[in-house]
1. Exactly one condition in (1) on the phi > 0 side of the Ramachandran plot; (2) without any contact (Cβ under 8 Å) to a residue 40 or more places away in the chain is false for Phe397; which is it?
2. Starting from the stretch 158-171, keep only residues that are at pLDDT 95 or above, then list their pairs with residues that are more than 9 Å from the ligand (Cβ to nearest atom) and among the aromatic types (Phe, Trp, Tyr) whose Cβ atoms are within a distance under 7 Å, requiring at least 6 positions of separation or different chains.
3. Tally the residues that are in a helix (DSSP H, G or I) and out of contact with any helix residue (DSSP H, G or I) (no Cβ under 9 Å at 6 or more places or on another chain), restricting the search to the stretch 416-458.
4. Checking Ile348 against (1) in a loop (DSSP other than H, G, I, E, B); (2) surrounded by 15 or more Cβ atoms within 10 Å (Cβ to Cβ); (3) at negative phi, only one condition comes out false. Which one?
5. If you take just the strands (runs of 3 or more DSSP E) that sit entirely in the stretch 357-415, which of them hold at least 1 residues that are within 27 Å of the chain's Cα centre (by Cα), surrounded by 19 or more Cβ atoms within 10 Å (Cβ to Cβ) and not small (Gly, Ala, Ser)?
6. From Val305, Val325, Val298, Val336, which residue is aliphatic (A, V, I, L, M), under 20 Å from Leu404 (Cβ atoms) and within 26 Å of the chain's Cα centre (by Cα)?
7. Quick one: would you say Arg441 is under 18 Å from Ser467 (Cα atoms), more than 24 Å from the chain's Cα centre (by Cα) and among the charged types (D, E, K, R)?
8. Quick check on my filter: what residues within the stretch 229-246 are closer than 26 Å to Gly422 by Cβ and near the ligand (Cβ under 10 Å from one of its atoms)?
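The values are calculated or read from the model by the stated rules, or taken from the named source; none is laboratory data. Everything quoted here is computed from the prediction, not taken from an experiment. For neighbour counting, all protein chains shown are included, and Cβ atoms are generated from backbone atoms with ideal geometry for every residue, glycine included.
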Amino acid sequence: MNEKTSKLALPSEPRTFGFFVDGEHIEAGNRVVLERASPAHDVCVTRIPCCTREDLDKAVEAARTAFDNRRWSGLSGGERASVLLKAAAGIRERIDEIAYFETLENGKPISQARGEVEGGIGMFEYAAGVARALHGDSFNNLGDRMFGLVTREPIGVVGLITPWNFPFYILCERVPFILAAGCTIVAKPSEETSASGLILAEILKEAGLPAGVYNVVPGTGNEIGQAITEHAGIDMVSFTGSTAVGRSVVHAAAGNFKKLGLELGGKNPQIVFADADLKDAADGVAFGVAFNGGQCCVSGSVLVVERSVADEFEALLADKLSKIVVGDPLDPATQVGAITTEAQNTKILNYIDAGKKEGAKLVCGGSALDFGAGRFVAPTLFSEVTKKMSIAREEIFGPVLGVLPFDGMEEAVRIANDTEYGLAASIWTKNIDKATQVSRRVQAGRVWVNCTITGGPELPIGGFKQSGWGRETSIYGIEEYTQIKSVHIELGKRNHWIG
Ligand code: NDP
């Protein structure tokens with residue numbers, strides 16, 4: 001037995017964190033301290049300071065100074081890449097520690113937490129490459145007397161607001177790209193899951209990131225999150241979270257017209273055609289809805305299945321869902337851990353009740369699971385669902401799936417697109433024509449064919465419709481954190497306007 005195969009123990013006492021401004025680790029002092037209990041064990045695992053508005057102002061000032069004096073933006077892409085690669089190595093050295101705190105604060109299985117930290121390393125390594133590749137354009141076709149340049153410049157100070165569902169991975173989808181572009185950061189992780197963002201600050205400092213370039217001010221969304229979105233010293237906000245709060249971010253940002261990147265909610269269809277490999281599809285659909293306890297913005301939370309195979313598929317899927325190992329996330333054998341917040345748990349159970357009351361038929365799951373402590377929900381499948389039911393329309397953010405049958409591709413596309421969201425969609429078919437046509441017509445920022453919830457730094461992420469603005473990761477992601485400048489250079493003697 002080693003650390004990867006044996007169950008981990010809870011910490012003997014909670015770890016106390018400070019916060020991070022201008023390259024300095026600052027203790028909580030007399031600030032309010034948030035005590036985070038492990039959602040799987042109800043035991044306090046971390047103590048996180050709740051920053052004040054004054055702390056935020058200091059962090060913004062540090063990020064502004066670091067940006068304006070060009071200690072980071074003035075470096076070459078190669079020099080920035082070198083820091084990002086050292087940070088990737090630093091994360092690799094601390095995988096077990098970061099994964100452990102992700103599991104303790106979030107409730108996700110330790111094996112998946114480790115996988116996410118490894119994925120985060122890949123983001124840093126890729127972003128190091130794009131730091132060197134970022135470039136503009138030139139216009140050499142303006143005649144002998146004029147030369148045109150299009151340059152990309154870092155946008156400035158970025159406020160980064162991230163949620164609790166993938167605390168470290170979501171940071172890694174953004175931080176290295178923002179840094180690669182030459183910007184500075186004021187980050188506010190979710191108050192439920194701040195540890196990994198604070199550990200990242202230590203790693204970035206050790207990697208040689210100059211003081212003030214990455215600041216972390218943990219605190220509540222209502223106070224620190226809202227203040228970031230309103231702050232006149234911040235040039236752009238990258239927000240990941242609910243569509244409702246995203247809307248309030250849009251209003252708050254109007255004060256100084258800051259640029260926004262928004263990755264919001266989703267109601268993501270899993271479209272299964274009769275010609276799919278149904279066993280593969282059942283496994284993929286089960287993974288798509290239950291992975292991370294369904295607490296994924298791209299969770300495949302509506303099953304749109306061809307009527308001729310609906311019954312057969314439902315049986316295959318129910319079998320898969322009922323075999324998922326739900327339990328202690330510190331056990332490497334666990335596939336689905338705890339629900340991260342009490343509010344989220346209540347929300348999921350309320351949707352399950354609503355499904356029952358609105359007349360859907362419960363096929364499997366349908367209740368909380370009792371392991372003596374913590375909060376867990378059984379992977380749940382409803383059939384006889386109609387598009388009017390709340391479980392078919394609204395983002396549940398839990399392991400709950402409703403089945404909507406279709407006849408023919410047109411109807412499949414119509415059902416899939418009948419939502420205010422447009423984050424992701426998965427298509428299961430062995431017919432290349434159908435896969436291609438549906439992937440073209442489905443309104444979603446990410447489409448998976450014969451797979452789901454997969455990806456890496458190379459492809460962009462983001463949503464259509466009310467699922468967001470802008471893209472993160474990839475070459476498109478780094479460009480979001482730049483602004484474009486055009487430069488006209490006149491050559492030779494000027495033709496005078498005034499005689
Ligand atoms: P929120 O949208 O409330 O939180 C996301 C982030 O925004 C957190 O850091 C939060 O801080 C912060 N925040 C909260 N209020 C404000 C505000 N007024 N201004 C600026 N920032 C703010 O999501 P919840 O955590 O409450 O989850 C609710 C629902 O959101 C879920 O049920 C799910 O449907 C959806 N969601 C979607 C996510 C996605 O990846 N698309 C991620 C998380 C949630 P704090 O946590 O400290 O309050």
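1. Condition not satisfied by Phe397: (2).
2. Filtered contacts from the stretch 158-171: Val158/Tyr481.
3. 6
4. Result: Ile348 fails condition (1) only.
5. 380-383, 400-406
6. Val298
7. yes
8. Thr229, Val237, Phe239, Thr240, Gly241, Ser242, Thr243, Ala244, Val245, Gly246
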